1. Under a GNM of the chain (C-alpha, springs under 10 Å), which listed residue has the highest mean-square fluctuation: 252, 202, 162?
2. With r as the distance between the Cβ atoms of residue 107 and residue 65 and R0 = 25 Å, compute the FRET efficiency 1/(1 + (r/R0)^6) and round to 0.05.
3. Antiparallel DSSP bridges in the stretch 116-262: what percent, to the nearest 5?
4. Could you tell me, in Å, what Rg and Dmax come out for the Cα atoms of the chain?
5. Using C-alpha positions alone, give me the convex hull volume of the stretch 1-136 per residue in cubic angstrom.
6. Run the simple label-point estimate for residue 117 and residue 177 please: 7 Å along Cα→C-beta, distance reported in nm.
7. Calculate how many DSSP beta bridges within the chain are antiparallel, expressed in % of all such bridges and rounded to the nearest 5.
8. Given the convex hull over the Cα atoms of the stretch 90-158, what projected area results after averaging over all orientations, in nm²?
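Rule-based calculations on the coordinates, nothing more; no lab input. This structure is a prediction, so every number in the text was calculated from the model and none was measured. Every residue, glycine among them, receives a Cβ derived from its backbone with ideal geometry; neighbour counts consider all protein chains shown.
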Ligand SMILES: Nc1ncnc2c1ncn2[C@@H]1O[C@H](COP(=O)(O)OP(=O)(O)OP(=O)(O)O)[C@@H](O)[C@H]1O
């Protein structure tokens, strides 16, 4: 039997007597890209935090390569997992290269991290940040900072990359490009995504959270159905022919009553 790279067994989260996530079981194999989607407050970030070891589950367990997360040291965990979250606020005076170099700390330690500059430079190249090498974090735009976080995470060479709403603050084109970039790394990824249009091109599997429960776990085509999208998000989805190209368009129709004729 092959051991899943990441496995959650009936994990649940409680806070102040409330269930934030009810028992979720799922596994992620090497090379998969799992998107976690769902409405605001559905429990996506809480689930992601349990999967990456940032939040110990109240019930159940998470295993990385068969080993319980709560039984491995934070240093070992950092070798296996990198997280690009929404809360990272690096010192704006930090040079970009020094920031990305922090990704090497789990491998080389704080003192010897400078010895692995080639890996750091490669991470900057892969994220298109080499032209900004001499810049500080504070001088970067929101989108560039997002890519800097990604560069730090890939410099860490984790087994799994966790992303929490990585396309926030990005313009529509940059959103697609960022996820295309991540998919191109060939890494195992677990990502909370809000933009439903980006899910199918990016993810190999989708976990749909609703009301603190795992509502569905399926391939994008089977998860993003008309019925499920209406049930969970209260919007319609249509698959239409592209007017000028030979391909299908998936359109999420968000009701806007303000502009409807009365
Ligand atoms: N420490 C906490 N104490 C109490 N409630 C919490 C705590 N952390 C999260 N919650 C609540 O749990 C629910 C799920 O939160 P979570 O951040 O996981 O949702 P989400 O699906 O990621 O939402 P969003 O799309 O808005 O980011 C929310 O109602 C939130 O207010």
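1. Maximum fluctuation in the GNM of the chain, among the listed residues, is at 252.
2. So the FRET efficiency works out to roughly 0.90.
3. About 70 percent, rounded to the nearest 5.
4. Cα-based Rg and Dmax for the chain come out at 19.4, 68 Å.
5. So the per-residue hull volume is 160 Å³.
6. 2.8 nm
7. 60 percent
8. If I average the Cα hull's projected area over directions, I get 4.1 nm².
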